[in-house]
Amino acid sequence: MKRYLLYTFIFTLLALPKQAFAQCDLPQPFTGNTGSNMTVMLTPGFISSLPINTADTYVVAIDLNGLIVGSEVVARVNQTAIVVWGDDTSTPEVDGASTNAEISFQLVDGEFLYDVEVPSPVSFTANGISFQTTAATVTLNCAPAVLGCTDENADNYSAEATQDDG
């Protein structure tokens, strides 16, 4: 019985897929409505500069404290807008952006996370509007890890590997 369990364990290890994923902390889409907002227009020149590979790719708006204050799906569109929600001052919790807060953006595409530098900086203004008409600067923040041999001198070296699997 012990031998059977040992063989089953070894077979299970050998059968595992050769790809593992890094622990990316992907921001979730914004949910809520604080009653005060700003519109950030994402025009075709901006949208076309984004690396969109999945049907549910979305952009999130984030304040300097890391609070997600808006989001919008950007797959299969050539123009859209993100509603950036402001803080509802009638409640004690901070649930949106404060006046003049700098807003940053990230793109979530499947398991990939990108930092998006907008061409025109965005500061929250209630009932304001910002137009992003030209290409964004997009930088990969986090990606799935591909397990394999990363030793270039080894017989089983894999150029695709990003994390050594021993």
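The values are calculated or read from the model by the stated rules, or taken from the named source; none is laboratory data. Quantities reported herein were computed from a predicted structural model and do not represent experimental measurements. Backbone-built Cβ (ideal geometry, glycine too); neighbour counts: all protein chains shown. Ligands, DNA and RNA are stripped out before the accessible areas are found, and what is left, the full protein with its side chains, is counted by its heavy atoms. Shrake-Rupley method; radii C 1.70, N 1.55, O 1.52, S 1.80 Å.
State whether one or more residues within region 45-52 are closer than 19 Å to Ala136 by Cβ and without any contact (Cβ under 8 Å) to a residue 40 or more places away in the chain. Yes, there is a match, as at least one residue in region 45-52 is closer than 19 Å to Ala136 by Cβ and without any contact (Cβ under 8 Å) to a residue 40 or more places away in the chain. In region 62-84 there is no residue matching the filter, namely being at pLDDT below 95, surrounded by 13 or more Cβ atoms within 10 Å (Cβ to Cβ) and among the hydroxyl-bearing types (Ser, Thr, Tyr). Taking region 129-157 as the range and being closer than 22 Å to Thr80 by Cβ, open to solvent by less than 50 Å² (accessible area, probe 1.4 Å) and of a type in the set (Gly, Ala, Ser) as the test, the residues that pass are Ser130, Ala136. Are any of the residues in region 116-123 in contact with a Leu (Cβ under 6 Å, 6 or more places away or on another chain), within 21 Å of Thr134 (Cβ to Cβ) and at pLDDT 95 or above? The answer is yes; a qualifying residue exists. Name the residue that is modelled with the highest pLDDT, counting only residues in region 85-113 that are more than 16 Å from Gly35 (Cα to Cα) and aromatic (Phe, Trp, Tyr). Checking each candidate, the answer is Phe105. Quick one: in region 95-128, which of the residues that are in a loop (DSSP other than H, G, I, E, B) and of a type in the set (Val, Ile, Thr) is surrounded by the most Cβ atoms within 10 Å (Cβ to Cβ)? Out of the qualifying residues, it is Val118.
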